[in-house]
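Student: Below you will find the structure I want to go over with you.
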Amino acid sequence: MLAGSLIIFPLIAAILVFMAKGKGARNLALGFSILQFALSLVALFQFKHNPASHHLLLNCTWVKSLGINFAVGLDGFAMLMVLLTTFLVPLIIVTSFKNTYDRENIFYGLILLMQMALVGVFMANDGFLFYVFWELALIPIYFICLMWGGENRGKITFKFFVYTLLGSLFMLVGLVYLYNNSISLAGTKSWAIQDLINSGRSLGESQQSIIFWLIFIAFAIKMPIFPFHTWQPDTYVTAPTQGTMLLSGIMAKMGTFGVMKWLLPIVPLGIEKWGGIAIGLSIAGVVYGSCIAIVQKDYKRLIAYSSFAHVGLIGAGILTATAQGLQGAMLQMVAHGINAVGLFLIADILLRHTGTRDIDKLGGIRSMNGNFAVLFLIVMLGAVALPLTSGFPGEFLLINGIFQFSATAAAFAGLSVILGAVYMLRSYQSIMLGDRKDSNITFGSLDGSDKVVLIIICAAIIAFGIYPKALTDITEPAVKALMQNLK
Amino acid sequence: MIKLVGLIPLFPLIGFLINGFFGKKLSKSLSGFIACSAILASFILSVVIFIEARHLPEHSQIVNLFSWISAGTLNIPFEFVVDPLSTWFLLIITGIGFLIHVYSTSYMHNDEGFSRFFTYLNLFVFFMLLLVLGNNFLIMFVGWEGVGLCSYLLIGFWFKNTEYNNAARKAFIMNRIGDLGFLLGILLIFVTFGSTSFDQVFSKAGTAEQGTITAIALLLFIGAMGKSAQIPLYTWLPDAMAGPTPVSALIHAATMVTAGIYMITRANVFYSISETASAVVAVVGVATALFAATIGLFQNDIKKILAYSTVSQLGLMFLGLGVGAYSSSVFHVTTHAFFKALLFLGAGSVIHAMGGEQDVRKMGGLKKALPITFITMLLGTIAISGVPGFSGFFSKDEILAHTYEHSPTLWFFGMLTSMLTAFYMFRLMFLTFWGGFRGTKEQHHHLHESPKAMTFPLIVLAILSVLGGVIGLPHFWGFHNFIGDHLEPLILRKNPSTLPHDTEWMLMGIASVAALAVIYVAYIIYRQRNIIPLNENDKMPALQKTIYHKYYVDEIYDAIVRKPLDAISTMFYKFVDKQIIDGIVEGVGSSVKGIGSVVRLAQQGDISFYIITMMLGVIGILLFTFLL
């Protein structure tokens, strides 16, 4: 029941918020999202207590004739991703407090609807259900970007929508193929994940290769992975801050999570044959995205490219199918999610206080607000993966996994260690240090809501850097099981 | 008490937290007091643990704190090792660290960032202690990057100055280049040995292939090149002098920059196995030593002279490591920490008195106004120059004797370096303290000896610089070499000198005579003839001009690294991303649109047409599934 309520609760919350009026919508949404976080903590407690508990699973028949079930559950991977989602959504809602959006009830309702779909994607144990949630997640974010986005939002949002939808259709074809080939215990066709896995594994190398590419492209577009990324920077920049946070903090992880749960175990031969190329693409994106970030002037676009580079590293680590790569990916998904929200909030704060995000125009803010400088510094250090920040353990494990695949690949992936420092330190210096470049720019004290979110994020960055085991303990059994499954 | 070793880094961490959170509300004296007492407490505990650890039966004890990172077979505990090497560095870091903290309470007194300064300084000591205490390569790496962060924060301490900020960023990024090498080395260690803990890795080192060990040793050395400012990653260190002078003394002379020597001594097992890696270390070391010393000859900024001297001395230490004289290098780390910290602090005292002036051409005749600074700095200069009986003489002699045994050619370059050292150091002294005053009247009026909080550390360090040699008196004099015996259990390939005694006497004699002769030459040039170095715009011989401009290395790096990187990045962004990749995506999009406009023709509203196409479609699907 607990498992089902994690999905149903945000749906009900979304409907109630849609019906609310005025400022009430905002507070209602925040309250519901905090409750949802509490609910996922209860699930965590249950999970720690008894991972096999039936409370964490739900399986009801949906369309019997087609073998579709409403099957959801929480294994280690899903547990951590659900925690990440439910932790970030309240923070994201708080970051909106200083922006005024018209039709607030719709805005916040869509965020909660998005949360429902995301949780569904992470928890689905049925291929069809997974696909439904996957597509469902696209709708609210599409409207968020379209209705509250910035310049040129129509064209950019349309491209984003069509591009990702097209990728998903490839995945649908792959899944249908697997379904057609599946035989459940009862002897019928089935969408259950284990049946799809068996179905995939019964295929020969050439068929697995086709399935690999069909499904991988959908995930690669979502993350995104080089060269399927060109929708991403524009969309991140034009989306309202909360939309960008949802996209980069959580939605990008649908792709990486998908590779882990829905690709690795299903087509092991396909991975063996094509994994190397996919890793190559991912790492090319790491270097490429980092380089491009160096020459960006708009801080939000800079973070967008940086985010693209970071996600590429996660993708590469997963595709190595090593215990270190997988565990590193889980850690980094959490670390990057938290960090991305922090960085995009900073970009938003800069814009709200000074009217610009152009790093060449900003400068000397540290002299005007020392506390902001410290918080910004901590978030930045998390982004450059300094040890004892949450960015480090994940990045270390990812590069470790890649190193086992190929030392050369690891050396290239490791360039992000240097290039990340280049663009992060350059931009920090230009924005915060030195003297004011434009005397019209002033920067007063931070708003309470911004301060609260930044402090929580900084605390998380340091806490998970010092004790990443709090996170790896959750995913360790799942990593073990997956590794067993891959053998 | 050894079990309590975790407290040693904890004290500075607490100091950091207090000053970090409440520093602005505390009075300056309280803020400084908290920072100093944190380090003093660590120092006292370090002394106790040092003594206790000398009686450990196995020479080392591991103290486990908690499990840090684990994934699959990889398990990295947060644990410390207490052994002769780590405890030795504990003494240097907390001892010198404490003196420099005390000095800073006075030096930084009028700075508005007073408590922020001590926040960073305490954090630095915390990370430096982690670096030497960690029992595996990854904890060492934590400290390694952590001190890099503090170095970044302290170089750019005066954050309104763009030049300082650039220096800070350069230091961080250049260190990161080294750190990538270090990181890859750690990964290779894990892949080879299945662990990163020192005890497990070193005991299995003999089982690995020679080539792998060489690769590991070289990758680790890349890390050392960054942190310890060796060719080609040294150019950040002279720029790092932008930081407040106590920072230069503590971080960029006495402790952080010697981390590379610590690392290689710690991993001496690899270097003893790999002749190739050792040879690389020796050659890079001696090349850096000589190269930096020549630059030091023509610098006029008092801190820059000392900075190049530090690069050069670090090179000598790497030379020692490369020829297998590990304990001699650690000995030189120790004596160098004494006299180089002293010289920097002395320079700080001079700068303080001169109202911020750092150019030796504008000083002169300061010995009367700053007697304590003068005498202590003179003792430090004598010590670094290798005058017999002073600390630097013994440590440098040990390195050079081992080098001679290994290769007389390397010895020659090492010897040349130490002659240059004596020259530029006495050049600095003569220009600063003798002759007439060349500054402004205003400055002359304000000349004053520094307060006690600054002179006290100078005096202590001067005593150590003079007497520090006793920890490593030569064997062939019939002495017990304390530091050699102390570190002996950790060194895989013992390297007792096999030189005949008369050769050792001869080498020592050459070194002594050379040092004294060079000092005399410096005396003639800068004291008797009173020659003042040329101004930037004066005509200089081409070679001198090249060296004065530091061989244009910064400009070269700019041209071959920074500019191409920016150009490639811009090309990626404007051409590859916007034109090619996105062009293809848009192209696909518009061709779909084009097809759409053709297909639209099919929508003509004729129902029978729709039905026929539907039938055809169904048949197609059936055929398709049938064929599959």
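The values are calculated or read from the model by the stated rules, or taken from the named source; none is laboratory data. None of the values given here were measured: they were computed from a predicted structure. Quick reminder, even Gly has a Cβ in these numbers, built from the backbone with ideal geometry, and neighbours come from all protein chains shown.
Student: I'd like the full set of residues that are of a type in the set (Val, Ile, Thr) and either over 23 Å from the mean Cα position of the chain (by Cα) or more than 10 Å from chain B (Cβ to nearest Cβ) (or both), limited to segment A:396-412. Even if it seems obvious, please write down each step before you answer.
Tutor: Of segment A:396-412, the ones of a type in the set (Val, Ile, Thr) are A:399, A:402, A:408.
If the condition is that a residue be of a type in the set (Val, Ile, Thr) and either over 23 Å from the mean Cα position of the chain (by Cα) or more than 10 Å from chain B (Cβ to nearest Cβ) (or both), then A:Thr408 is the only one that fits.
Student: Turning to a different aspect of this structure: Only helices (runs of 4 or more DSSP H) wholly contained in segment A:233-326 count here; list those with 2 or more residues that are polar (S, T, N, Q), within 20 Å of A:Leu138 (Cα to Cα) and out of contact with any Gly (no Cβ under 9 Å at 6 or more places or on another chain).
Tutor: So the answer is A:241-245.
Student: Checking the structure you have, find out if any residue of segment B:45-60 is within 30 Å of B:Ser115 (Cβ to Cβ), aliphatic (A, V, I, L, M) and buried (at least 22 other Cβ atoms within 10 Å of the Cβ).
Tutor: Of the residues in segment B:45-60, the ones within 30 Å of B:Ser115 (Cβ to Cβ) are B:45-49.
Now narrow it down to the ones that are aliphatic (A, V, I, L, M): B:45, B:47-49.
Within this subset, residues satisfying the condition of being buried (at least 22 other Cβ atoms within 10 Å of the Cβ) are B:49.
Scanning segment B:45-60 turns up at least one residue that is within 30 Å of B:Ser115 (Cβ to Cβ), aliphatic (A, V, I, L, M) and buried (at least 22 other Cβ atoms within 10 Å of the Cβ).
Student: Among the listed residues A:Ala373, A:Ala340, A:Ala347, identify the single one that is buried (at least 24 other Cβ atoms within 10 Å of the Cβ) and either in a helix (DSSP H, G or I) or touching a residue at least 12 places away in the same chain (Cβ under 8 Å) (or both).
Tutor: Of the residues listed, the single one that is buried (at least 24 other Cβ atoms within 10 Å of the Cβ) and either in a helix (DSSP H, G or I) or touching a residue at least 12 places away in the same chain (Cβ under 8 Å) (or both) is A:Ala340.
Student: May I ask you to list the residues in segment A:254-295 that are under 12 Å from A:Leu313 (Cα atoms) and out of contact with any Phe, Trp or Tyr (no Cβ under 8 Å at 6 or more places or on another chain)?
Tutor: Scanning segment A:254-295 gives a single hit, A:Gly280.
Let's see how each residue does on (1) within 11 Å of chain A (Cβ to nearest Cβ); (2) in contact (Cβ under 8 Å) with a residue 40 or more places away in the chain; (3) within 22 Å of B:Gly72 (Cα to Cα):
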| site | (1), (2), (3) |
| --- | --- |
| B:Arg176 | yes, yes, no |
| B:Phe193 | no, no, yes |
| B:Val201 | no, yes, yes |
| B:Lys204 | no, no, yes |
| B:Thr207 | no, no, no |
| B:Ala217 | no, yes, no |
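Student: Across segment B:533-550, what is the number of residues that are over 30 Å from the mean Cα position of the chain (by Cα) and surrounded by 15 or more Cβ atoms within 10 Å (Cβ to Cβ)?
Tutor: Final tally of qualifying residues: 2.
Student: Among the residues of segment B:565-587, which ones are facing another protein chain (nearest Cβ under 7 Å) and of a type in the set (Asp, Glu)?
Tutor: B:Asp566, B:Asp577, B:Asp582
Student: Which of the helices (runs of 4 or more DSSP H) contained wholly in segment B:335-441 include at least 1 residues that are within 23 Å of B:Thr498 (Cα to Cα)?
Tutor: The qualifying helices (runs of 4 or more DSSP H) are B:391-406, B:408-433.
Student: Ok, one more. Would you point out which residue out of B:Ile547, B:Ile531 is in contact with a Phe, Trp or Tyr (Cβ under 8 Å, 6 or more places away or on another chain) and away from chain A (no Cβ under 14 Å)? Let's see the steps before the verdict.
Tutor: Values: B:Ile531 fails: in contact with a Phe, Trp or Tyr (Cβ under 8 Å, 6 or more places away or on another chain).
Of the residues listed, the single one that is in contact with a Phe, Trp or Tyr (Cβ under 8 Å, 6 or more places away or on another chain) and away from chain A (no Cβ under 14 Å) is B:Ile547.
Student: If I go through segment B:144-171 residue by residue, how many of them are touching a Gly at 6+ places or on another chain (Cβ under 6 Å), crowded, with 23+ Cβ neighbours inside 10 Å and touching a residue at least 24 places away in the same chain (Cβ under 8 Å)?
Tutor: Qualifying residue count, segment B:144-171: 3.
Student: Need the failing condition index for A:Val374 against (1) under 25 Å from B:Thr192 (Cα atoms); (2) within 9 Å of chain B (Cβ to nearest Cβ), just the number.
Tutor: A:Val374 satisfies every listed condition except (1).
Student: For segment B:45-64, does any single residue satisfy the condition of being hydrophobic (A, V, I, L, M, F, W, C) and under 30 Å from A:Lys480 (Cα atoms)? Lay out the reasoning, then the answer.
Tutor: First, pick out the residues of segment B:45-64 that are hydrophobic (A, V, I, L, M, F, W, C): B:45, B:47-51, B:53, B:56, B:62-63.
Still in the list and also under 30 Å from A:Lys480 (Cα atoms): B:62-63.
Within segment B:45-64, one or more residues are hydrophobic (A, V, I, L, M, F, W, C) and under 30 Å from A:Lys480 (Cα atoms).
Okay, residues lined up against (1) of a type in the set (S, T, N, Q); (2) within 13 Å of chain B (Cβ to nearest Cβ); (3) within 30 Å of A:Lys98 (Cβ to Cβ); (4) without any contact (Cβ under 8 Å) to a residue 60 or more places away in the chain:
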{"site": "A:Gly420", "(1), (2), (3), (4)": "no, yes, yes, no"}
{"site": "A:Ile431", "(1), (2), (3), (4)": "no, yes, yes, no"}
{"site": "A:Asp447", "(1), (2), (3), (4)": "no, no, yes, no"}
{"site": "A:Leu482", "(1), (2), (3), (4)": "no, yes, no, no"}
{"site": "A:Leu486", "(1), (2), (3), (4)": "no, yes, no, no"}
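One line per residue, one yes/no per condition, for (1) surrounded by fewer than 24 Cβ atoms within 10 Å (Cβ to Cβ); (2) more than 23 Å from B:Asn175 (Cβ to Cβ):
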| position | (1), (2) |
| --- | --- |
| B:Val257 | no, no |
| B:Val281 | no, no |
| B:Lys304 | yes, no |
| B:Ser327 | no, yes |
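Student: Right, next: Which is outside any helix (DSSP H, G or I) and either over 24 Å from B:Gly156 (Cα atoms) or more than 12 Å from every other protein chain (Cβ to nearest Cβ) (or both), of A:Ile456, A:Ile441, A:Ile474, A:Ile461? Steps first, answer last, please.
Tutor: Working: A:Ile456 fails: outside any helix (DSSP H, G or I); A:Ile474 fails: outside any helix (DSSP H, G or I); A:Ile461 fails: outside any helix (DSSP H, G or I).
Result of the check over A:Ile456, A:Ile441, A:Ile474, A:Ile461: A:Ile441.
Student: So which of B:Thr570, B:Thr613 is within 23 Å of A:Pro227 (Cα to Cα) and without any contact (Cβ under 8 Å) to a residue 40 or more places away in the chain?
Tutor: Details: B:Thr613 fails: within 23 Å of A:Pro227 (Cα to Cα).
The unique qualifying residue is B:Thr570.
Student: Further question: Given the options B:Val561, B:Val553, name the one that is modelled with pLDDT of 85 or more, exposed (fewer than 14 other Cβ atoms within 10 Å of the Cβ) and within 30 Å of A:Val295 (Cα to Cα).
Tutor: B:Val561
Student: So is A:Leu415 at pLDDT 95 or above and at the interface with another protein chain (Cβ under 9 Å from one of its Cβ atoms) or not? Full working, then the answer.
Tutor: On the way: at pLDDT 95 or above: no; at the interface with another protein chain (Cβ under 9 Å from one of its Cβ atoms): yes.
For A:Leu415, the condition - at pLDDT 95 or above and at the interface with another protein chain (Cβ under 9 Å from one of its Cβ atoms) - is not met.
Student: Could you please find all residues in segment B:230-285 being under 11 Å from the mean Cα position of the chain (by Cα), part of a loop (DSSP other than H, G, I, E, B) and under 30 Å from B:Ser106 (Cβ atoms)?
Tutor: Selection gives B:Thr255 alone.
Student: When you go through B:Leu420, B:Leu416, B:Leu400 one by one, which is the residue that is under 25 Å from the mean Cα position of the chain (by Cα) and either without any contact (Cβ under 8 Å) to a residue 12 or more places away in the chain or under 21 Å from B:Ile302 (Cβ atoms) (or both)?
Tutor: Details: B:Leu416 fails: either without any contact (Cβ under 8 Å) to a residue 12 or more places away in the chain or under 21 Å from B:Ile302 (Cβ atoms) (or both); B:Leu400 fails: either without any contact (Cβ under 8 Å) to a residue 12 or more places away in the chain or under 21 Å from B:Ile302 (Cβ atoms) (or both).
Step by step, each of B:Leu420, B:Leu416, B:Leu400 is checked, and only B:Leu420 is under 25 Å from the mean Cα position of the chain (by Cα) and either without any contact (Cβ under 8 Å) to a residue 12 or more places away in the chain or under 21 Å from B:Ile302 (Cβ atoms) (or both).
Student: How do the pairs read when you match residues in segment B:108-133 that are outside any helix (DSSP H, G or I) with residues anywhere that are among the hydrophobic types (A, V, I, L, M, F, W, C) and surrounded by fewer than 24 Cβ atoms within 10 Å (Cβ to Cβ), using Cβ under 6 Å and keeping only pairs 6 or more apart or on different chains?
Tutor: B:Met108/B:Phe114
Student: Looking at the structure I just gave you, is B:Asn64 crowded, with 21+ Cβ neighbours inside 10 Å and either touching a residue at least 12 places away in the same chain (Cβ under 8 Å) or part of a strand (DSSP E or B) (or both)?
Tutor: For B:Asn64, the condition - crowded, with 21+ Cβ neighbours inside 10 Å and either touching a residue at least 12 places away in the same chain (Cβ under 8 Å) or part of a strand (DSSP E or B) (or both) - is not met.
Student: Filter segment A:96-115 down to the residues that are outside any helix (DSSP H, G or I) and in contact (Cβ under 8 Å) with a residue 12 or more places away in the chain and list them by number.
Tutor: A:Asn99, A:Tyr101, A:Arg103
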